[in-house]
Each structure stands twice: as structure tokens, then as C-alpha cells.
């Protein structure tokens with residue numbers, strides 16, 4: 001069972017989370033992930049190790065939380081004027097970010113310290129939110145749009161599967177082809 | 001870096017692997033995964049803990065190896081007389097196995113103790129082999145067939161992605177729909 005609270009904490013709790021997350025990011029940048037320990041993170045964050053154990057359970061759950069924060073998109077997808085252009089641009093960026101060494105490490109961390117699947121679900125929710133922005137914009141333009149779950153299956157899933165299980169042919173042309181197939185063959189169908 | 005040898009070992013090495021794997025499976029069945037430790041596994045397998053550390057590095061890498069063995073298909077896909085029937089049946093079984101509690105635990109174990117991605121790649125290779133059997137049989141019948149990578153993207157990837165990241169709507173109808181889309185829209189195209 002996870003020890004993480006269901007809601008985003010406020011007040012002191014939020015300050016502890018922010019300082020612990022920052023300590024993890026700083027120590028990773030300085031010394032690499034292999035050198036991380038809960039006592040080191042606690043010392044850097046100015047909290048006791050037991051604060052970390054109580055809140056996160058162990059180092060892996062803490063790293064999972066930090067990874068999900070790093071995978072949170074910072075801006076909405078850019079508007080390039082059409083569904084095809086928007087989705088192609090977004091898929092290319094998504095692939096670049098996720099397939100980068102840092103992205104792969106975050107995906108891995110997010111999955112590993114996540115016994116109840118909440119953090120993995122959050123990663124998927126981030127992608128769905130971004131796709132929904134693209135689809136809503138296209139609908140406002142009067143374009144036919146696929147369902148978000150279809151874009152998840154046709155674009156997000158193959159990219160993430162290949163990154164984790166089958167790391168071949170993951171390039172920009174691949175992302176473009178996935179988008180073309182989703183929009184070309186089923187773009188306007190209900191599902 | 002993994003300490004696993006590149007080739008399947010023979011002789012004493014193979015016997016050690018078999019007895020250690022069996023000890024892991026037995027102890028998991030008896031006491032659950034949480035109770036597993038390297039000394040416990042070593043005692044049950046009749047080897048020293050240092051044999052395990054030398055060969056597998058740590059418990060997580062050992063569990064990853066055991067998981068991949070458990071995910072190895074035992075029989076080729078059944079012949080139901082047509083590509084659609086064969087692929088639909090295979091996808092349904094694949095989904096059932098992977099989405100079961102045991103399957104999820106094995107997928108998770110396979111990914112976690114797998115720093116170089118070799119075990120994840122083996123999981124994907126197993127799926128590709130099974131699909132290749134289905135496709136070769138269809139080609140022998142004179143049916144038009146998609147490329148194996150297209151079936152990976154269209155059927156295997158969405159199933160695995162949803163199991164890991166988005167555990168909603170993973171049922172037999174979902175597997176059937178994925179197969180219908182892969183065969184329907186692109187079944188005979190080159191790719």
C-alpha cells in the first residue's frame with residue numbers, strides 16, 4: 001500500500017514535498033541516481049529520514065513521485081493550424097522527450113516505485129490531457145476528430161511500448177506514421 | 001551492468017539456474033514475493049548467496065529472469081483456419097494472460113530488474129514469434145498479411161500500455177477491436 005496522500009497537500013506538507021523533491025533533483029544532477037539514499041536526501045532537504053519514510057515508504061516511491069512531476073507537461077500543445085499538424089508536432093515532441101535518456105529514466109522510476117499504479121496512471125492522464133487540447137481545438141475549427149482513446153492506442157501506446165520493450169525504429173518518421181494512420185484510417189469515426 | 005551471461009548456460013551453470021529459478025517459484029507460491037530474500041532463495045536452492053549475487057547481481061535481477069521464463073509461451077498459437085480467427089484468438093489469450101494478477105506481476109518484475117532492457121526485449125520477442133507463426137500460416141493459406149511490426153503496434157502495444165499505464169477497458173472486446181482495426185484498415189499493406 002502506498003503511503004502517499006490522495007490529495008495534493010498544502011501548507012507545511014507542501015513545503016516538505018517541495019524541498020524533498022528539490023533535494024532529489026539536485027542530488028541526482030550532482031552525483032547521479034546511484035548515490036541517492038534516503039538519509040542523504042533528508043539531510044539536503046532539512047527533514048528527518050523518518051519524515052521521508054513515513055510519507056513515501058521508501059526511496060523508490062519517492063523517486064516515482066519525483067519522476068511523475070518531471071513528466072508533467074509544462075505548456076499546452078502548440079497550435080499549428082490543423083489537427084494533422086498539431087498532432088504530428090505533439091507526437092514528435094512526446095517521442096523525443098520520452099525516448100531521451102532522461103525521459104526513459106523517469107518512465108522507469110515512475111513505474112518502479114508505484115505499487116498501486118497511481119503514478120503510471122498520472123503519466124497517461126498527462127498525455128490524454130494534451131491530446132484532448134489538440135482534439136478540442138480541431139473540433140472548434142470544424143475538423144472531424146478521433147476519440148482520445150483511439151489516439152492513446154494508436155500513437156501513445158506504440159511509442160511507450162517500444163521505449164520500454166522494443167527499442168527499434170523510434171524516430172520522428174515513426175511518430176509521423178502513427179499519426180497518419182490514426183487520422184487517415186479512422187480519423188472521423190466514432191469509437 | 002547486468003551480470004547475466006549472453007548465452008544460455010549449460011552443465012553446472014544450467015543446473016544452478018534451474019534450481020535457483022525453481023526455489024524462487026516455490027518460495028513465491030508458499031510465502032509470497034514480499035518474504036523473498038537472497039539468503040532464503042540460496043538456502044532452498046542449495047547454493048551460497050554469493051553464487052546468486054555473482055550471477056544475478058541482486059534479487060530484483062533474479063526476479064526479472066524468473067518472470068521472463070514465466071512469460072515464455074509454451075505452445076504455438078492454435079490454428080483456427082483463418083488469419084482473423086487466429087489473431088483474434090491469440091490476442092484474447094495474450095490479453096488474458098498479461099492482464100491477470102500473475103501476468104501483471106511478471107511484467108512488472110521483468111521490467112524492474114532489467115537495467116539493460118534485455119529481458120523486456122525478450123518479452124517482446126516472444127510476442128513477435130507467436131505473431132509470426134500466425135502470419136506465416138496465413139501466408140501459406142494465400143491470405144494477405146500485415147507486417148509483424150504493425151501487429152505489434154496495433155495489438156500488443158495498446159494491450160501492454162493499458163496494463164501498465166491506463167488500466168481501463170481491457171477486455172476481450174477490446175482485443176477483438178484492435179485485431180479488427182489492424183486487419184481491416186491495413187491488413188494487406190506493405191510497411
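Please enumerate the residues belonging to region B:155-178 that are crowded, with 24+ Cβ neighbours inside 10 Å and more than 8 Å from every other protein chain (Cβ to nearest Cβ).
B:155, B:175
Given B:109, B:86, B:65, B:114, which one is touching a residue at least 24 places away in the same chain (Cβ under 8 Å), assigned to a helix (DSSP H, G or I) and within 13 Å of another protein chain (Cβ to nearest Cβ)?
Just one listed residue meets the conditions, B:109.
Tell me whether region A:99-115 contains one or more residues that are under 13 Å from the mean Cα position of the chain (by Cα) and loosely packed, with under 15 Cβ neighbours inside 10 Å.
yes
Would it be correct to say that residue A:93 is under 26 Å from residue B:106 (Cα atoms) and either at pLDDT below 95 or over 9 Å from the mean Cα position of the chain (by Cα) (or both)?
So residue A:93 fails the test.
Taking the criterion of being modelled with pLDDT of 95 or more, touching a helix residue (DSSP H, G or I) at 6+ places or on another chain (Cβ under 6 Å) and part of a loop (DSSP other than H, G, I, E, B), would at least one residue in region B:31-43 satisfy it?
no
Could you check how many residues of region B:117-128 are free of Cβ contacts under 8 Å to residues at least 60 places away in the same chain and either more than 10 Å from chain A (Cβ to nearest Cβ) or in a loop (DSSP other than H, G, I, E, B) (or both)?
Residues flagged as free of Cβ contacts under 8 Å to residues at least 60 places away in the same chain and either more than 10 Å from chain A (Cβ to nearest Cβ) or in a loop (DSSP other than H, G, I, E, B) (or both) within region B:117-128 amount to 2.
Of all residues in region A:129-153, how many are part of a helix (DSSP H, G or I) and either more than 8 Å from chain B (Cβ to nearest Cβ) or at pLDDT below 95 (or both)? Show your work before the answer.
So in region A:129-153, the residues part of a helix (DSSP H, G or I) come out as A:129-140, A:148-153.
Now drop any that are not either more than 8 Å from chain B (Cβ to nearest Cβ) or at pLDDT below 95 (or both), which leaves A:129-140, A:148, A:150-151.
Number satisfying all stated conditions: 15.
The values are calculated or read from the model by the stated rules, or taken from the named source; none is laboratory data. Every value quoted in this text rests on a predicted model; they were computed, and no experiment measured them. Positions of Cβ are backbone-derived with ideal geometry, glycine not excepted, and every protein chain shown enters the neighbour counts.
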